[in-house]
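The values are calculated or read from the model by the stated rules, or taken from the named source; none is laboratory data. Computed from a predicted structure; not experimentally measured. So basically every Cβ, Gly included, is an ideal-geometry build from the backbone, and we count neighbours across all protein chains shown.
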Amino acid sequence: MSQMLTKEFYSADFVRVFHDEDINALCVKYFQKVPSDKHFIPVVNAMLEGFKQLNTQKFMADIRKMGVLGIDSQSLIITKLLPGMISHLQGRKLYHVQLIDPGEIMAKVTANNVKHKSKNESVEIVQFIDERKAMSYMMSVPPEASIR
């Protein structure tokens with residue numbers, strides 16, 4: 001993720017939610033493990049509210065240092081965050097990139113669980129290990145890509 005950001009939606013010791021202007025995406029970057037499900041709730045709320053303020057179809061999550069999320073937190077992503085983003089897009093496809101560390105097995109398990117349970121034609125979830133490849137992918141997403 002680039003250092004250029006136009007707006008920050010949430011910040012805590014373990015996470016930052018912001019708009020990356022270079023790729024026009026809502027981004028979340030974890031700096032350490034999420035302390036608890038209780039700490040994850042405001043992050044989800046900030047991601048959803050931030051996404052609704054932006055003119056984008058792109059959501060990038062750098063979860064390399066996130067650790068494992070509890071079942072309740074995973075459920076928030078699957079039942080609130082992604083459906084809320086999809087609803088906001090009104091028929092346009094959501095492009096979600098997960099930047100993962102193959103050495104962080106538990107974060108990868110969480111990412112794969114979210115990816116598997118969120119499968120539908122309204123969202124494309126792609127995982128990358130290499131940040132440059134993730135950025136390149138996000139830059140290649142055509143604007144206003146529709147699922148109709």
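Take the residues in segment 73-99 that are of a type in the set (A, V, I, L, M, F, W, C) and not in a strand (DSSP E or B); name whichever of them is surrounded by the fewest Cβ atoms within 10 Å (Cβ to Cβ).
I78
Inside segment 26-72, can you point out the residues that are of a type in the set (S, T, Y) and surrounded by 15 or more Cβ atoms within 10 Å (Cβ to Cβ)?
Scanning segment 26-72 gives Y30, T56.
Taking interchain pairs and intrachain pairs at least six residues apart, which have beta carbon atoms under 6 angstrom, with the first residue in segment 25-37 and in contact (Cβ under 8 Å) with a residue 12 or more places away in the chain and the second in a strand (DSSP E or B) and among the aliphatic types (A, V, I, L, M)?
Every condition considered, the pairs that remain are A25/M60; C27/M60; V28/V17; V28/A61; Y30/V15.
Can you confirm whether segment 105-123 contains a residue that is in a helix (DSSP H, G or I), under 22 Å from D20 (Cα atoms), in contact (Cβ under 8 Å) with a residue 12 or more places away in the chain and out of contact with any strand residue (DSSP E or B) (no Cβ under 6 Å at 6 or more places or on another chain)?
The answer is no; no qualifying residue exists.
I need the full set of residues from segment 92-140 which are among the hydroxyl-bearing types (S, T, Y) and either modelled with pLDDT of 90 or more or touching a His at 6+ places or on another chain (Cβ under 7 Å) (or both), in order please.
Y95, S136, Y137, S140
Exactly one of these conditions fails for Y10: (1) surrounded by 17 or more Cβ atoms within 10 Å (Cβ to Cβ); (2) at pLDDT below 95; (3) farther than 19 Å from P143 by Cα. Give me its number.
Status for Y10: all satisfied but (2).
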